[in-house]
Amino acid sequence: MNGQQSPRPTRRQALKGAGVIGAVTVLLVGGGVIGWQALSDRPSDPVTAVQVGQDPSLEALADSAVSGGPGKDGIPSVDKPRFVPASEAGFLSDDDPVFGLEHRGEVRAYPQLVLVWHEIVNDTVGGEPLAVTYCPLTGTVIGFAAPPGVQDLTFGTTGKLVNSNLLMYDRQTGSQWPQLLGAAVDGPLKGTKLDTVPLVWTTWQQWRAAHPDTEVLSTDTGALRSYGSDPYGSYDSYPDRSGYYAKGGPIFPVLATSGQLADKDVVIGVRVGKERLAIDKDLVRTARTVRADVAGTRVEARWDDRLGTAHVVQQVGEGWEPADFLDSMWFAWYAFYPNGQVRT
């Protein structure tokens with residue numbers, strides 16, 4: 001022993017520990033699964049200090065970026081997405097999770113089995129450029145558009161992670177954006193916050209029943225990938241989970257940790273102004289409606305039986321409008337927002 005820390009595993013090495021062979025997922029029984037659990041249960045090494053009572057600074061987040069294994073654009077974005085009607089989405093099973101979008105009069109479903117291999121879809125919805133992004137390591141799905149005064153942006157993957165979360169870059173300026181944060185931590189647009197559009201986790205059966213005219217992102221992406229397999233685990237019979245998605249801790253460093261919830265518990269993260277709120281998703285499921293005050297604004301998380309998921313709205317004047325909200329694994333939300341409110 002020489003006292004030096006062993007290098008952290010790359011994403012490729014971690015997936016090999018889970019029984020991933022080449023580009024095809026084979027989740028093995030016995031040693032493969034045990035090996036995954038042993039790896040994911042390791043505590044993350046501290047990267048940099050986070051001051052008590054404060055969320056990590058942009059500089060701390062930028063400095064904490066680590067390689068996830070693939071290089072820049074090694075996980076290729078979908079830049080020319082093709083959609084099919086629901087009747088032609090035979091590659092989906094009823095229980096497959098999809099990310100549902102209702103925006104600018106259009107209704108679309110983005111299958112998790114496609115996005116797990118690409119993480120970013122540079123789309124156009126209702127005439128507006130919209131990047132639909134998914135980080136499988138943190139369970140976060142967010143739609144992004146450039147804010148007023150900023151040119152239209154398209155995104156790619158840097159191959160790096162911040163708090164075990166996808167670090168994107170925009171192809172127009174090269175600025176870098178942690179997906180969960182939605183703000184640039186480095187580059188010409190540092191400090192700029194993207195406009196967000198919420199998507200919801202649901203199943204193909206539920207989304208199709210609620211929106212029979214939906215369009216569906218197809219597997220015709222221009223890339224050869226093993227769609228239908230998953231290198232991290234499984235969402236078979238969603239919301240049931242297995243593999244990395246179900247238990248254990250993050251496999252890459254995070255800036256802050258909390259034992260208030262299990263690392264892989266799903267929370268509904270809500271952002272209003274400069275304040276943050278995390279609501280245990282199971283609480284919304286059982287209580288049906290959870291009310292809170294965030295930054296002086298009334299918000300309500302409401303359970304939707306049709307889709308088996310939660311929506312969050314905020315009061316604006318006498319009415320209600322969609323809030324800035326997303327599903328997230330608890331460890332990831334807390335790593336970015338350790339100073340936020342929590343409802344369990």
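Miscellaneous remarks
- Between residue 262 and residue 183, the FRET efficiency estimated from the beta carbon spacing at R0 = 25 angstrom works out to 0.35.
- Here each label is just a point 7 Å from Cα along the line to Cβ, and for residue 173 and residue 210 those points are 3.4 nm apart.
- Its Cα gyration tensor gives the chain an equivalent ellipsoid; the semi-axes, largest first and in whole Å, are 27, 25, 21.
- Projected label distance in nm at residue 237 and residue 67, using a 7 Å step from Cα toward the beta-carbon: 4.0 nm
- By the rule of a C-alpha distance below 18 Å, with chain neighbours fewer than 8 residues away ignored, the aspartates and glutamates paired with residue 193 are 55, 59, 128, 152, 170, 275, 324.
- Rg/Rg_ref, segment 172-284, where Rg_ref = 2.2 N^0.38 Å and atoms are Cα: 1.33
- In terms of its alpha-carbon gyration tensor, segment 240-321 comes out oblate; a/c meets the 1.5 threshold, while b/c is at least as large as a/b.
- DSSP bridge pairs, the chain: antiparallel proportion in percent, nearest 5: 90 percent
- The ellipsoid that matches the Cα gyration tensor of segment 179-234 has semi-axes, each √(5λ) in whole angstrom, of 30, 19, 13, with the longest given first.
- Links that overshoot a 26 Å alpha carbon limit, given the list 72/274; 72/190; 80/274; 247/281: 72/274; 80/274
- Residue 154 paired with residue 124, simple spin-label distance in nm, labels 7 Å along Cα-to-beta-carbon: 1.1 nm
Values quoted throughout were computed directly from the atomic coordinates according to the rules given, and no laboratory measurement underlies them. Being a predicted model, the structure only gives us computed values, none of them experimental. Virtual Cβ from ideal backbone geometry, glycine too; neighbours counted across all protein chains shown.
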